[in-house]
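Inspection log for the structure reproduced underneath, given as structure tokens.
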Amino acid sequence: MTFVVVLSVFLIAAVVTIVNSVDLTVTTIYNYTKVMTMVIPQRDSLSVDQGDINVAKNDSATAKVIHAEGFFMNINTVFGAVPFIAVGVPTQDRDYLIALGHDKLVAGRMPIPGRAEAVLSEGLVRNKRLKLGDIVAGPKDTGGVAGAPVPVKLVGILDGPTWIAFTSPEFCSAALPLMPTFEIVTSKQPDDLPVLSRRLDKTEDLSKVQLLSYHILVEQMRSSLDSMYLIMGLVNAMVIFVVALMSGMLSNIYFTQRITEFATLSAIGIKRSLLLWHAVSETAILSSVGWVIGLFVSWGIMSALRGTLFEPRGMLINPHDMVAYLYTIPIPVMITLFAIVTISLRLSKLDPVTIIERR
């Protein structure tokens, strides 16, 4: 029974962890929107209208509005190759944004203005399996977008929590003159950026621009994942029910094998409530031990698979995901409740004299 519980805990924890990895992957890849909000022109324009720029500049919470250019490169995700933008801003603004994201240069150097070079965060480097000197993007890219007309070399690596990439605006202007430019908005207080983004979402002319902000991204993604979470909940409920049913049957089998013992104890005057407690406590202890072992097994296997199986395929998982482990709590609870019901029914019909005579 303990082995069944261990397998069930691992199954449920793994399913929840993998489903939650979609949320974790998206919010990690685009976590630069936690420190900046991008105002992007609609498809029929190559730049943000000055009126929309002024709306952002005139907000009291705005710290800076930075004019930016960029090119796209492909990164790996569970959905396949998706575009990720390398931002081209002046040196002073680049250093400001790097500091705002709590990042720092740990290898190589910054791009030289005008050259086909880029600096990437460590997360992006791992995702694309790059090293210094490798090509970040180029005209031969497949599976997503061909974002750069010439090969762009990786010259620096950033260490920090933010997934972000930088190039020089001079290179973007020369190599991609028809690439739309955009504006980067930051807040005076980093914690105020969500409020500022929501306000801009209401005041900007959304027929001319669109906003890329963390709160919009998360709301859209989690809304689209509602059905997946519903399916996950139903699957987990069915697994828990089946495991509880199987474990309850096992408890009944063990109880039947020891029926003479319980009949003897009942015959010498032991209360049936005490007998019930004795039988159920064994089930509770076994299921609890299996649950604890299952947590460690789940953590160990998911930790081992994170770097070898999931991350190389663009799926970020968290082996320490407490939500996944919370989903497993009903397993020992349901097994114990099922045992209480079934064993109490058997004890209520127990005739110790008949059982002892048969023996």
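For every residue, the table says whether it meets (1) in a helix (DSSP H, G or I); (2) touching a helix residue (DSSP H, G or I) at 6+ places or on another chain (Cβ under 9 Å); (3) under 22 Å from I184 (Cα atoms).
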residue	(1), (2), (3)
L97	yes, yes, yes
H102	no, no, yes
M110	no, yes, yes
G114	no, yes, yes
V119	no, yes, yes
V125	yes, no, no
L130	no, yes, no
G133	no, no, no
V136	no, yes, no
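I'd like the full set of residues that are surrounded by fewer than 17 Cβ atoms within 10 Å (Cβ to Cβ) and without any contact (Cβ under 8 Å) to a residue 60 or more places away in the chain, limited to the stretch 195-215.
R198, D201, K202, L206
Determine whether T37 is surrounded by fewer than 21 Cβ atoms within 10 Å (Cβ to Cβ), touching a helix residue (DSSP H, G or I) at 6+ places or on another chain (Cβ under 7 Å) and not hydrophobic (A, V, I, L, M, F, W, C).
No.
From the set of residues in the stretch 192-239 that are within 24 Å of the chain's Cα centre (by Cα), part of a helix (DSSP H, G or I) and of a type in the set (S, T, Y), which is nearest to N31 (Cα to Cα)?
Y214
Among what's in the stretch 97-125 and is touching a residue at least 60 places away in the same chain (Cβ under 8 Å) and surrounded by 17 or more Cβ atoms within 10 Å (Cβ to Cβ), pick the residue that is nearest to L316 (Cα to Cα).
G123
Return a yes/no flag: does the stretch 167-181 have any residue that is closer than 30 Å to Y327 by Cα and either in contact with a Gly (Cβ under 8 Å, 6 or more places away or on another chain) or not in a helix (DSSP H, G or I) (or both).
Among the residues of the stretch 167-181, not one is closer than 30 Å to Y327 by Cα and either in contact with a Gly (Cβ under 8 Å, 6 or more places away or on another chain) or not in a helix (DSSP H, G or I) (or both), which makes the answer no.
Any residue in the stretch 270-286 that is within 15 Å of S348 (Cβ to Cβ) and touching a residue at least 40 places away in the same chain (Cβ under 8 Å) sitting within a Cβ distance under 7 Å of a residue that is of a type in the set (S, T, Y) and surrounded by 13 or more Cβ atoms within 10 Å (Cβ to Cβ)? List the pairs, counting only those 6 or more apart or interchain.
Partner pairs satisfying both residue conditions: R272/S266; L275/S266; L276/S344; V280/T336.
Tell me the residue from V280, V243, V341, V323 that is surrounded by fewer than 17 Cβ atoms within 10 Å (Cβ to Cβ), at pLDDT 75 or above and over 30 Å from T77 (Cα atoms), please.
V341
Evaluate the stretch 253-268: report whether one residue or more is part of a helix (DSSP H, G or I) and of a type in the set (D, E).
yes
Could you list, in sequence order, all residues of the stretch 165-180 that are farther than 20 Å from N74 by Cβ and among the polar types (S, T, N, Q)?
If the condition is that a residue be farther than 20 Å from N74 by Cβ and among the polar types (S, T, N, Q), then S168, S173 are the ones that fit.
Checking V341 against (1) under 37 Å from the mean Cα position of the chain (by Cα); (2) within 16 Å of V243 (Cα to Cα); (3) in a helix (DSSP H, G or I), only one condition comes out false. Which one?
Result: V341 passes all but (1).
When the residues of the stretch 294-309 are filtered to those that are at pLDDT below 85 and not small (G, A, S), which remaining residue is surrounded by the most Cβ atoms within 10 Å (Cβ to Cβ)?
Only one residue fits best here, namely L309.
Would you please list the contacts, defined by Cβ atoms under 6 Å and residues six or more apart or on different chains, that run from a residue in the stretch 153-164 that is touching a residue at least 40 places away in the same chain (Cβ under 8 Å) to a residue that is among the hydroxyl-bearing types (S, T, Y)?
Partner pairs satisfying both residue conditions: L158/S121; T162/Y32; W163/S121; I164/Y32; I164/S121.
Just checking, which of L24, L105 is among the hydrophobic types (A, V, I, L, M, F, W, C) and modelled with pLDDT under 90?
Among L24, L105, only L24 is among the hydrophobic types (A, V, I, L, M, F, W, C) and modelled with pLDDT under 90.
The values are calculated or read from the model by the stated rules, or taken from the named source; none is laboratory data. Everything numeric here is computed off the predicted structure, so don't read it as measured data. Note: ideal-geometry Cβ built from the backbone for every residue, glycine included; neighbour counts use all protein chains shown.
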